[in-house]
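Peer 1: Got a structure here, written out as structure tokens. Questions coming.
The values are calculated or read from the model by the stated rules, or taken from the named source; none is laboratory data. In this text the structure is predicted, and so the values were computed from the model without any measurement. Every residue, glycine as well, gets a Cβ built from its backbone with ideal geometry; the counts of neighbours run over all protein chains shown. Protein only, heavy atoms only, side chains kept; ligands, DNA and RNA dropped before computing areas. Shrake-Rupley method; radii C 1.70, N 1.55, O 1.52, S 1.80 Å.
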Amino acid sequence: GWSHGDQEIFSVPELVEVFGLDHVGKSPGVWDGKKLEWVNAQHIAGLDLVDLAGRVAPRIAAAGFAPQPVDATFLRRIETLRGRAQTLNAFVDSGAFYWTDHEDLQYAVDTKGFKKWMKAGARPVLEATVGALDALDDWSKAGIEGALTPLLESLGIGMGKLAQPIRCSIVGTPVSPGVYETLEALGKEQAMPRLRKGITLCAQPVAS
């Protein structure tokens, strides 16, 4: 095995500079798949965004999605996914809702998480969300947050009860990057039809 102090992440030039047989020890190196994924994630985190996007784009097309131009929108979407990605292929799967048009988005309606957040009480939340965002001209993270934050007080709910129905509507599951960042990166043209679709997917209130 070989090590260089406590350093775990090396660029190739760094390895060339510091590697030496004098630091090779008798204790063997250990294969650890989880550790390798962590190391890979560190390298992904350190890549230039344009470089990273250029590596991911061909994989999206190879997976059967429409080819993605490496433009400002694509870069914004890749940036929202970067924090959780351990491999380049992970961007394809975790960002599938980005690469899928709103008409083709699949909703996990039969899962426990979706049912939990899309109860009848989510309907007025999503209706208020659509009302707040429909006329919004500043479709940025700050603009979206400014439009939605007042709903927390007016509806008397916590952030989870606002964010999770939005996630279920725009992503298809209650798991996504930050909800404001995701809305911004998705774009108004894709987000608004999904939010309206979410309203129709909320459980109906039980008749008294």
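Peer 1: Count the net charge of all other residues whose Cβ sits under 15 Å from the Cβ of V50, scoring Lys and Arg as +1 and Asp and Glu as -1.
Peer 2: With Lys, Arg at +1 and Asp, Glu at -1, the net is 0.
Peer 1: May I ask for the angle, rounded to the nearest 10°, between helix 72-82 and the longest principal axis of the chain, with both axes built from Cα atoms and the value confined to 0 to 90°?
Peer 2: Result, in degrees: 70.
Peer 1: Counting Lys and Arg as +1 and Asp and Glu as -1, each charge on the Cβ, what is the dipole of the stretch 83-165 about the Cα centre in debye, to the nearest 20? Show your work: numbers first, answer last.
Peer 2: Values: 8 positive and 11 negative charges, 123 e Å.
It works out to roughly 600 debye.
Peer 1: About the Cα centre of the chain, how large is the charge dipole given +1 on each Lys and Arg Cβ and -1 on each Asp and Glu Cβ? Please answer in debye to the nearest 20.
Peer 2: Its charge dipole is roughly 1000 debye.
Peer 1: Give me the accessible area of K35, 1.4 Å probe, in Å² rounded to the nearest 10.
Peer 2: Around 80 Å² of this residue is reachable by solvent.
Peer 1: Under 20 Å from the 7 Å Cα→Cβ point of T200, by amide nitrogen: which residues of the stretch 132-167?
Peer 2: Within reach of a label on T200: 132-134, 165-167.
Peer 1: Turning to a different aspect of this structure: Checking the table K161/K188; K34/K161; K116/K197; K34/K116 against a 27 Å threshold on Cα-Cα, which pairs fail?
Peer 2: Beyond 27 Å between Cα atoms: K34/K161; K34/K116.
Peer 1: Let me check I've understood the local charge: for Q204, count other residues with C-beta under 12 angstrom from its C-beta, Lys and Arg +1, Asp and Glu -1. What total comes out? Walk me through the numbers on the way to the answer.
Peer 2: Numbers: positive: K119, R123; negative: none.
Net charge around Q204: +2.
Peer 1: Gaussian network model of the chain, Cα springs within a sub-10 Å range: biggest mean-square fluctuation belongs to which of R194, R77, R59?
Peer 2: It is R59.
Peer 1: Would you tally the net charge around W139, using a Cβ to Cβ cut-off of less than 13 Å, leaving W139 out, and scoring K and R as +1, D and E as -1?
Peer 2: -4
Peer 1: Work out how much length N89 to Q42 would gain on full extension: take 0.36 nm times their residue separation and subtract the Cα-Cα distance, in nm to one decimal. Could the numbers behind the result be given before it?
Peer 2: On the way: separation 47, 0.36 × 47 = 16.92 nm, distance 1.52 nm.
Roughly 15.4 nm would be gained on extension.
Peer 1: What list of ³J(HN,Hα) couplings, whole Hz, do you get for the stretch 130-141 from phi and the Karplus terms 6.51, -1.76, 1.60, once you set θ to phi - 60° and write x for glycine and proline?
Peer 2: 3J(HN,Hα) across the stretch 130-141, in whole Hz: 4, x, 6, 9, 4, 9, 6, 8, 8, 7, 10, 4.
Peer 1: I'd like to know which of A53, W31, G198 lies farthest towards the positive end of the charge dipole of the chain, counting +1 on Cβ of Lys and Arg and -1 on Cβ of Asp and Glu.
Peer 2: G198
Peer 1: Convert each backbone phi in the stretch 43-57 into a coupling constant with the Karplus relation 6.51 cos²θ - 1.76 cosθ + 1.60 (shift: θ = phi - 60°), then list the ³J(HN,Hα) values in order as whole Hz, x for Gly and Pro.
Peer 2: Whole-Hz 3J(HN,Hα) from phi for the stretch 43-57: 5, 4, 4, x, 6, 4, 4, 5, 4, 4, 4, x, 6, 7, 3.
Peer 1: When ligands, DNA and RNA are left out and all protein chains stay put, how many square angstrom of accessible area per residue does the stretch 89-165 have with a 1.4 Å probe?
Peer 2: Working: 4020 Å² over 77 residues.
That works out to 52 Å² for each residue.
Peer 1: Have a look at H43, H23, H102 and tell me which one the Gaussian network model of the chain (Cα, springs below 10 Å) gives the largest fluctuation.
Peer 2: Judging by the Gaussian network model, the answer is H23.
Peer 1: Once Lys and Arg get +1 and Asp and Glu get -1 on their Cβ, which of F65, I44, I9 lies farthest toward the positive end of the dipole of the stretch 1-80?
Peer 2: The one lying farthest along the dipole's positive direction is F65.
Peer 1: Let me ask another. For the chain, set up a GNM with springs between Cα atoms under 10 Å and report which of E103, E127, E17 has the largest fluctuation.
Peer 2: Ranking E103, E127, E17 by mean-square fluctuation puts E17 first.
Peer 1: Among Q106, W117, W139, pick out the residue whose Cα is farthest towards the positive end of the charge dipole of the chain, where Lys and Arg carry +1 and Asp and Glu carry -1 on C-beta, about the Cα centre.
Peer 2: Of the listed residues, the answer is W117.
Peer 1: Each residue of the stretch 18-26 in order: what ³J(HN,Hα) in whole Hz does its phi give by Karplus 6.51 cos²θ - 1.76 cosθ + 1.60, θ = phi - 60°, with x for Gly and Pro?
Peer 2: Those phi angles translate into 9, 5, x, 5, 5, 9, 7, x, 6 Hz.
Peer 1: On the accessible surface of the chain, probed at 1.4 Å, how many percent belong to carbon and sulfur atoms?
Peer 2: On the way: 6610 of 11820 Å².
Summing carbon and sulfur atoms, their accessible area is 56 percent of the total for the chain.
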